[in-house]
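To start, the structure itself, in structure tokens.
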Amino acid sequence: MDNIKIELSNQNIAGASLTLTILNNTIDKIAIAPECPKIYNTSSEDILYSLEKGFIHCLEKSPQHLKDSLLDSLLYVCSKDSDFHKKYYATIVEDFTRCCLDPKLNLQSQFVKFCHDEKGEFFDYTCLNTIKKSIQQDKANCLNVINILPRLPIQRFDANSLKMMYSVLDIIIDKNPNLRHKVLDIMESIYQYPNNDKSSHIRANSLLSRMAKQYPEVTNRIQNFTGKPIVQLEPRCDILPNLEFIFMGQEKPCVEKFKELREFKGSNKFWGGLWASPKIENGYSQWYNWSKTHYNPYAKGASFYYVEPTKDSRCLVVESFEDLAPYSCVSRLSDNVIDIEALQKDYDCIYVNDPDNWEKYKNYLEGWEVSSLVMLKADKFNAYTEEEWQTHRRLVDKINHNKDMKSSSSAEKDNNQANYNNDNVEKVRSFKDLNER
């Protein structure tokens with residue numbers, strides 16, 4: 001039987017399971033069962049999810065001449081909206097994108113067509129995010145991707161999708177530096193797009209500044225299409241508030257025990273890294289006090305260690321949502337998340353002040369209960385016991401005192417020299433006046 005048949009294994013909608021089965025590899029047409037209109041409009045998550053997965057399976061297995069028909073059907077399924085639409089919609093877009101990145105399936109043209117037909121900001125972002133992950137996992141060829149990207153409907157991308165596009169381009173350069181000129185071709189074409197807001201421009205400039213630093217020969221080209229000089233990010237730990245930061249845990253933190261950061265499911269908090277909060281008057285930290293009040297088990301029997309970023313650390317100090325906006329994005333797991341990879345490219349740590357102020361952060365930092373210093377990299381912090389910290393502080397105070405004394409002495413010396421010079425000038429003037437008389 002030369003068709004693709006949709007089989008319902010159970011007519012009970014609540015527990016229905018639907019599969020798409022390829023009965024013959026020499027398919028000439030697609031026969032859609034009459035039950036399909038009912039299926040498309042059902043409220044059963046199982047049916048919709050299985051239908052979507054079935055289409056993906058057919059895309060992988062069916063002959064080339066049927067792929068367009070399958071894509072039309074897939075597009076129809078994706079256009080249906082319901083309470084659970086977003087969850088499964090994200091899943092199928094991710095699966096579909098991964099299929100299209102496989103050069104053996106030869107789906108690049110269909111992928112571009114699908115992207116132009118499907119209108120939706122969430123689609124654009126999910127597609128690009130899947131491309132990014134596929135490159136990171138070496139499941140996509142950078143050259144294939146860089147040739148597909150300019151063919152996407154970039155002109156409709158919102159700022160959120162543009163930020164993800166910059167992340168994709170950033171990873172392509174990391175994986176294949178020889179493609180940097182192709183990356184710049186895309187950057188030049190989209191840099192002036194009106195959909196770029198302040199936050200996406202910060203991300204674009206961050207990528208361009210790193211490219212200029214690593215590949216000086218592209219500096220002039222970048223300055224020509226941006227119309228401004230390139231500014232490099234400098235260490236900014238000196239702008240941290242004059243606070244002491246305390247880590248609460250069972251053991252003293254160190255490089256070996258540092259856990260790599262990743263997205264925390266369903267939240268914009270990080271999983272991993274090293275978290276510390278400001279010391280308060282009673283000698284404990286803000287996080288410890290919050291944990292005791294809310295009966296957090298982590299507070300029981302915890303030890304306390306001081307944490308300090310290294311002097312060369314680059315720190316992002318966040319006082320409002322605008323400071324965090326360049327690294328904010330939308331994912332399938334949460335309405336708002338922080339792009340960890342992009343943040344780590346630019347900074348070594350982040351300090352978020354007063355995150356429970358919902359007015360300042362537009363209800364963005366849900367779960368960030370107290371002011372927090374988060375170390376993003378394992379080699380950019382020092383940790384101390386109480387005794388080690390007091391010794392360290394005495395040494396730092398002594399060094400700063402000596403610097404102040406030296407600076408004061410130098411200023412006094414300069415002042416004396418200036419007075420001496422002024423006295424000599426006055427003597428010369430007096431001598432000259434005397435001679436003239």
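Here are the numbers for the structure shown:
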item	result
Looking only at the stretch 338-355, and only at residues there that are in contact with a Pro (Cβ under 9 Å, 6 or more places away or on another chain) and not in a helix (DSSP H, G or I), the one that is surrounded by the most Cβ atoms within 10 Å (Cβ to Cβ)	CYS349
Identity of the residue in the stretch 92-148, assigned to a helix (DSSP H, G or I) and among the basic types (Lys, Arg), that ends up surrounded by the most Cβ atoms within 10 Å (Cβ to Cβ)	LYS132
Selected residue [surrounded by 12 or more Cβ atoms within 10 Å (Cβ to Cβ), at pLDDT 85 or above and among the aromatic types (Phe, Trp, Tyr)] from TYR284, TYR298, TYR288	TYR288
Filter result for TYR364 (surrounded by 14 or more Cβ atoms within 10 Å (Cβ to Cβ), modelled with pLDDT of 80 or more and aromatic (Phe, Trp, Tyr))	no
Residue match in the stretch 85-98 (condition: of a type in the set (A, V, I, L, M) and at pLDDT 80 or above)	no
Residues satisfying the stated conditions in the stretch 249-292, i.e. closer than 17 Å to ALA378 by Cα and among the aliphatic types (A, V, I, L, M)	VAL255, LEU261, LEU274, ALA276
Residue check for LEU376: buried (at least 17 other Cβ atoms within 10 Å of the Cβ), at pLDDT 90 or above and closer than 30 Å to VAL93 by Cβ	yes
Test result for HIS392, modelled with pLDDT of 85 or more and either hydrophobic (A, V, I, L, M, F, W, C) or not in a loop (DSSP other than H, G, I, E, B) (or both)	yes
Helices (runs of 4 or more DSSP H) within the stretch 151-266 that include 3 or more residues free of Cβ contacts under 8 Å to residues at least 12 places away in the same chain	219-226
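The values are calculated or read from the model by the stated rules, or taken from the named source; none is laboratory data. In this text the structure is predicted, and so the values were computed from the model without any measurement. Here the Cβ is made from the backbone with ideal geometry for all residues, glycine too, and neighbour counts use every protein chain on show.
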